[in-house]
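No lab work stands behind these numbers, since they all come straight from the coordinates. Because the structure is predicted, anything quoted here is derived from the model rather than measured. Glycine gets a Cβ as well: all are built from the backbone with ideal geometry, and neighbour counts include every protein chain shown.
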Amino acid sequence: MNNSAVSYILLTMLFGTPPAMAVDGKITISAPMEGAMVTAGEKFKVSYDAVLDQNGDHLHLNVDGKRMDILRQLKGTAEIDGLAPGKHQLCLLMNTKGHVPTGTESCVNVQAK
Amino acid sequence: MSDAQNLAYATVQILHNFGAVAAVGGSVSAMLASPKDRRKPAWIAFAGWVTQAVSGPAFGMLSFYFYHRFPDIAGIAVAALTIKIVCAVLGFLLVTAYILPRPRCRERFETLVWPASTALAATALTAAAVLRWFA
């Protein structure tokens, strides 16, 4: 057994299992695409996929900065009620258990017509 | 979240939960007790309301300390939080007024203070459940 393996075992015995490396969070919105056109007043779905960061627990779905939904599944779709005609911004924000944004987020702009 | 953060939030939650128990339990006990036996439950209710008033904002302060941001709550959750704050302020004022010496209108006030404090505590407890699941 080499020296580094011995030190690893001794340190683990002293301080416990070393913590896992912090995971960088990521949110991907696969639909609608950036700049996509949606029908005004009609419901549509947002498809997303998220990897939680170290403090992340769930996602908040915001439309134009206003919270529309809380998403606890890390992958799936969320429905958005019909939007008024014009430009809108859809954002998914990662939040802690205490509903504080962790800073990991993803946004797309859509045009409702 | 780190263990330190979880421990901090859990500690505040423990205080908040016991505060709720004391506010409801003290108020109900005082309401059911005879007028001469109300002093002790009144202090329990008072301790409960003070604990609620201190531990409630502590949740937000912890978030600000750890993340430099307050929790992002909206809609029904904001309404529930507002109800909780109003109940805590009124409950604290009512029970403080009971504990402090008040010579005028004493009898009428003593008849109403405990049903009112009980109703406020029960409303705050109900709003807490709504806040928890709509936040």
Please sort through the DSSP H helices of chain B and keep those with an alpha-carbon extent of at least 27 Å along the long axis and a Kyte-Doolittle average not below 1.6.
B:76-99
Roughly speaking, what is the stretch gain from residue B:96 to residue B:129, that is 0.36 nm per residue apart minus the C-alpha to C-alpha distance, in nm to one decimal?
9.3 nm
For segment A:22-112, the spread of Cα positions along each principal axis, largest first, Å:
40, 21, 18
Hydrodynamic radius (Kirkwood) for chain B, which is based on Cα pairs only, to one decimal in Å
15.6 Å
Arranged by the count of other C-beta atoms within 10 angstrom, fewest first, what order do B:95, A:100 take?
A:100, B:95
Stretchable slack from residue A:105 to residue A:87, in nm (0.36 nm times residue separation minus alpha-carbon distance):
4.5 nm
Compute log10 of I(q)/I(0) for segment A:64-113 with the Debye formula, placing one identical point scatterer on every Cα and leaving out solvent, at q = 0.23 Å⁻¹, to two decimals.
-0.99
Decide, for segment B:30-77, between rounded, prolate and oblate: order the square roots of the alpha carbon gyration tensor eigenvalues as a ≥ b ≥ c, take rounded if a/c falls under 1.5, and otherwise choose prolate if a/b is larger than b/c, else oblate.
oblate
In Å, descending, principal axis extents of the Cα set of the protein assembly as shown:
69, 68, 25
Based on the alpha-carbon gyration tensor of segment B:60-109 and its eigenvalue square roots a ≥ b ≥ c, which shape applies: rounded if a/c is under 1.5, prolate if not and a/b is larger than b/c, or oblate?
oblate
If you average the C-alpha positions of segment A:36-77 and of segment B:79-135 separately, how far apart do those two centres end up, in angstrom?
38 Å
If you keep only loop residues by DSSP, which trypsin sites (Lys or Arg not before Pro) in segment A:44-78 have at most 11 other Cβ atoms within 10 Å of their Cβ?
A:72
Using a Förster distance of 22 Å, how high is the FRET efficiency between residue B:82 and residue B:15, based on the Cβ-Cβ distance and rounded to 0.05?
0.55
With the cut-off at 23 Å, tell me which of the pairs A:45/A:66; A:45/A:97; A:66/A:113; A:75/B:84 have Cα atoms farther apart than that.
A:45/A:97; A:75/B:84
Note: residue B:119 to residue B:106 extended length (0.36 nm per residue) minus current alpha-carbon separation gives 2.7 nm
For chain B: relative contact order, % (alpha-carbon pairs under 8 angstrom, 6 or more apart):
30 percent
Which whole-number percent is the relative contact order of segment A:22-112 (Cα, under 8 Å, 6+ apart)?
35 percent
